[in-house]
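The values are calculated or read from the model by the stated rules, or taken from the named source; none is laboratory data. Worth saying up front: this structure is predicted, and the values here are computed from it rather than measured. Backbone-built Cβ (ideal geometry, glycine too); neighbour counts: all protein chains shown.
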Amino acid sequence: MLAGLSLTGTCLSQSEKDAGDAVTPPPINWRDIGSLPRLAHGQRIDYSTSVALFLPEGWRDTITSDNTVKLTFHYHGAIWYAIEEHTRRAAKNPILCFYPGEGSSTYERLYPSHAPFDEQVSSVTATLRANSSNNNITIDRYELESFSAGYGAVRVLLGYDDIVDRTESVVLADSLYASATTDSLGMRVPDSKQMKPFIDFARLAFDGKKKMVVAHSDIAIKSYCSTAETAAAIVKATGLKSITLTGAPPEAANRGLDFPLTARADHGGLHIWSYTGPPRIHMAIARAIADLWKAID
């Protein structure tokens, strides 16, 4: 897929490739975010009612000697909360947040072609230059994160080789669904065309060339494939070894937690983590995005 392109993402040593399970999945408990103090300090620039850029305090310190900056893209969920999680993660680089509405098709429509993405990067670049008095700043690295329906945008972006080349990490917080189809044995499986961009990126992460976290619930869905089914498809396609957990360690598997970890599959920079619990687990994982990032940062 990426023949002829140099990979700019974080690469792992051979020992790290062979010990992906050294990364510790985070425990997930219910967080009442309404009562939490706001942590974010910086400048928010609203490009529209559904798109906002946040420049954390100290973001200028992330400008490299080559005048480059990394940009995080967040898809789906309240923009203020995406900013809060970016802050709780202790990330200092800029983050561009999208919340255009509900449904994966809403996010797919953000990118009918490559052009809108280029325009977004250009707009953010202009903003960074204006807020730093540095007209040489360029954005050369990306991070992609999504919750729930936001995967629709990530799927489109991972279909472009040049975007994949510059994307260091992908974090999916209960955020990968697909249409249901059947395989040659008549078994229900996720649509292979819809899964391909994610599986291709997962293979790069498996080889230690990228980082990818797929944290999912066990909520069953009849009309299309759930996040558990799509995660299983990635495990199968990459040859990952999934380990069933019956309790701590790790702490995330402690059965006293609201949403204990029941299985994990890790290799290189690829991590598939399975959590269980009541239906609000979907929102609980969204409220743990910062913790998912901390596990791999």
* Structure fact -> By residue number, the members of region 117-139 that are within 18 Å of residue 97 (Cα to Cα) and surrounded by fewer than 14 Cβ atoms within 10 Å (Cβ to Cβ) are 118, 119, 122, 126
* To do: Those residues that are touching a residue at least 60 places away in the same chain (Cβ under 8 Å) and part of a strand (DSSP E or B), I need them from region 33-47; list them, please.
  => 43, 45
* To do: Return a yes/no flag: does region 112-131 have any residue that is over 24 Å from residue 165 (Cβ atoms) and at pLDDT 95 or above.
  => yes
* Structure fact -> Note: among 69, 51, just one is touching a strand residue (DSSP E or B) at 6+ places or on another chain (Cβ under 6 Å), buried (at least 21 other Cβ atoms within 10 Å of the Cβ) and in contact (Cβ under 8 Å) with a residue 12 or more places away in the chain, namely 69
* To do: Kindly check whether there is at least one residue in region 262-277 that is within 21 Å of residue 25 (Cβ to Cβ), at pLDDT 95 or above and part of a helix (DSSP H, G or I).
  => no
* Asked: Right, residue 4: at positive phi and modelled with pLDDT under 95 or not?
  -> yes
* To do: Would you be able to tell me the number of residues in region 147-181 that are among the β-branched types (Val, Ile, Thr), under 26 Å from residue 282 (Cβ atoms) and surrounded by fewer than 24 Cβ atoms within 10 Å (Cβ to Cβ)?
  => 2
* Asked: Looking at (1) surrounded by 17 or more Cβ atoms within 10 Å (Cβ to Cβ); (2) β-branched (Val, Ile, Thr); (3) in contact with a strand residue (DSSP E or B) (Cβ under 8 Å, 6 or more places away or on another chain), can you tell me which one residue 62 breaks?
  -> (1)
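Residue-by-condition table, conditions (1) part of a loop (DSSP other than H, G, I, E, B); (2) over 20 Å from the mean Cα position of the chain (by Cα); (3) farther than 19 Å from residue 99 by Cα; (4) of a type in the set (Val, Ile, Thr):
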{"site": "25", "(1), (2), (3), (4)": "yes, no, yes, no"}
{"site": "31", "(1), (2), (3), (4)": "yes, no, yes, no"}
{"site": "49", "(1), (2), (3), (4)": "yes, yes, no, yes"}
{"site": "52", "(1), (2), (3), (4)": "no, no, no, no"}
{"site": "61", "(1), (2), (3), (4)": "no, yes, yes, no"}
{"site": "64", "(1), (2), (3), (4)": "yes, yes, yes, yes"}
* Asked: Does region 166-181 contain any residue that is in a helix (DSSP H, G or I), among the charged types (D, E, K, R), closer than 26 Å to residue 62 by Cα and at pLDDT 95 or above?
  -> yes
* Output the residue which, of all residues in region 78-120 that are of a type in the set (Phe, Trp, Tyr) and assigned to a helix (DSSP H, G or I), is nearest to residue 153 (Cα to Cα). => 107
* Members of region 182-211 found to be surrounded by fewer than 18 Cβ atoms within 10 Å (Cβ to Cβ) and charged (D, E, K, R), listed by number -> 183, 188, 191, 193, 196, 200, 207
* Looking at residue 144, is it surrounded by 15 or more Cβ atoms within 10 Å (Cβ to Cβ) and not in a loop (DSSP other than H, G, I, E, B)? -> yes
* What is the number of the single condition among (1) outside any strand (DSSP E or B); (2) surrounded by 21 or more Cβ atoms within 10 Å (Cβ to Cβ) that residue 214 does not meet? -> (1)
* Restricting attention to region 103-120, report how many residues are within 18 Å of the chain's Cα centre (by Cα) and of a type outside the set (S, T, N, Q). => 6
* Which one of these does residue 180 not meet: (1) in contact (Cβ under 8 Å) with a residue 40 or more places away in the chain; (2) within 20 Å of the chain's Cα centre (by Cα); (3) farther than 18 Å from residue 110 by Cα? -> (2)
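So is residue 189 in a strand (DSSP E or B) and farther than 26 Å from residue 41 by Cβ or not?
Judged against the criteria, residue 189 is a match.
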* Before we move on, is residue 240 in contact with a His (Cβ under 8 Å, 6 or more places away or on another chain) and in a loop (DSSP other than H, G, I, E, B)? -> yes
